[in-house]
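Below is one structure, written out as structure tokens; the observations come after it.
The values are calculated or read from the model by the stated rules, or taken from the named source; none is laboratory data. Only a predicted model underlies this, so the values are computations on that prediction, with no experimental measurement involved. We place every Cβ from the backbone using ideal geometry, glycine too, and count neighbours over all the protein chains shown.
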């Protein structure tokens, strides 16, 4: 008899998917809003994104296991919406993989004094193997990565915490600073920091239980929020707000942030531990996002679950972002911003639309006299009524509008 997978393992997968983008992008993206506003926005985003993940589980629960995001969306909302959703899912997954490959290549190149293109190529060849092999292997390495990240995080954060300057953390030297002005530009990165939704279908299939998957979702988002909070407090307590200008000029790249930190950290060991933690954070998200995209494309292209089929899926999952990373590397925050725009569609808007349509269908079926024409009852229902649906929908729309206004230079951006 096979042992049922633990909720902790699934929570680790979700946390790993979230943490990479958030750890590397949030300090710079939230530097305008600074400490308390950043934490408040993160907490609110965590709640909304957890509920939107549960909405997806409610939609999936009316379908057999192995039914993918693409299948469910096409069945409920129709082919045109499904095509838009599929393009958005692949765009987000692809650009996140691209961002992680590029960032990992830059950080590893700095650590080992090797060409960044070489490190990016080796990085993909080695670590995408876990995704190619199985979800079980991703679970196992996710747990190991979380343990390594916890250990390195504790050492690194304790080192940073011992050097926290409250005047820096609270930005006391700048009494006239406007923080609220820079809250809006943070929202797209905050959404991307909890963008695990492409992995929900894989997690549901893994557990064969929506309720267990739901517990893993909230466990993963809470872990991510705690890690983000400790990370931001430690960074903002050491690196003055004005010093982020150098990181912003470099496009928010991970190596630029680490280089600025190394200038204010007195102990070399702490700087090295933080760098190791950052590499693990990128790797955790690379594997977690890779798994979600892998399963999504396998269903989309109808590749079977054999070695040959999984190899085909591996090719369409990892080769395009790798090639783009080698040919056209650019700023991390720019990539995450575009990813957040598309992610708002399938992480917030589509889940709400699916549940609205399915609930309406069930209500119509309940009023119908033909019992044979009734939709399948969900085995998982999200509480909160229409408030949850509206929160998910409006948050997604707000993020998309903010990103567009940012591109048009309508919204003020913090420059340090």
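Structural remarks
- Test: residue 43 is at pLDDT below 95 and surrounded by fewer than 24 Cβ atoms within 10 Å (Cβ to Cβ): no
- Residues of the stretch 1-24 that turn out to be surrounded by fewer than 24 Cβ atoms within 10 Å (Cβ to Cβ) and either within 13 Å of the chain's Cα centre (by Cα) or modelled with pLDDT of 75 or more (or both), as a count: 5
- Selection count, the stretch 390-402, where residues are in contact with a helix residue (DSSP H, G or I) (Cβ under 6 Å, 6 or more places away or on another chain) and either surrounded by 21 or more Cβ atoms within 10 Å (Cβ to Cβ) or free of Cβ contacts under 8 Å to residues at least 60 places away in the same chain (or both): 7
- Long-range neighbours under 8 Å by Cβ, at least six apart or interchain, first residue closer than 19 Å to residue 23 by Cβ within the stretch 320-335, second part of a helix (DSSP H, G or I) and at pLDDT below 80: 332/24; 332/254
- Number of the condition not met by residue 410 [criteria: (1) in a loop (DSSP other than H, G, I, E, B); (2) modelled with pLDDT under 90; (3) more than 20 Å from the chain's Cα centre (by Cα)]: (2)
- Flag if residue 181 is surrounded by fewer than 22 Cβ atoms within 10 Å (Cβ to Cβ), free of Cβ contacts under 8 Å to residues at least 40 places away in the same chain and part of a helix (DSSP H, G or I): no
- Residue under evaluation residue 344, criteria (1) modelled with pLDDT under 90; (2) buried (at least 24 other Cβ atoms within 10 Å of the Cβ), criterion not met: (1)
- Here residue 69 meets each of (1) at pLDDT 85 or above; (2) under 22 Å from the mean Cα position of the chain (by Cα) with one exception, condition (1).
- Flag if residue 118 is free of Cβ contacts under 8 Å to residues at least 60 places away in the same chain, assigned to a helix (DSSP H, G or I) and either touching a strand residue (DSSP E or B) at 6+ places or on another chain (Cβ under 6 Å) or more than 24 Å from residue 263 (Cα to Cα) (or both): yes
- Scanning the stretch 153-168 finds one or more residues that are under 21 Å from the mean Cα position of the chain (by Cα), assigned to a helix (DSSP H, G or I), under 28 Å from residue 282 (Cα atoms) and at pLDDT below 90.
- Any hit, the stretch 47-59, residues being in a helix (DSSP H, G or I), surrounded by 17 or more Cβ atoms within 10 Å (Cβ to Cβ) and at pLDDT below 85: no
- Under the condition of being in a loop (DSSP other than H, G, I, E, B) and surrounded by fewer than 24 Cβ atoms within 10 Å (Cβ to Cβ), the residues counted in the stretch 184-208 number 1.
- Total residues in the stretch 235-294, condition part of a loop (DSSP other than H, G, I, E, B) and under 26 Å from residue 90 (Cβ atoms): 3
- Residues located in the stretch 120-149, provided they are under 11 Å from residue 290 (Cβ atoms) and surrounded by fewer than 16 Cβ atoms within 10 Å (Cβ to Cβ): 129
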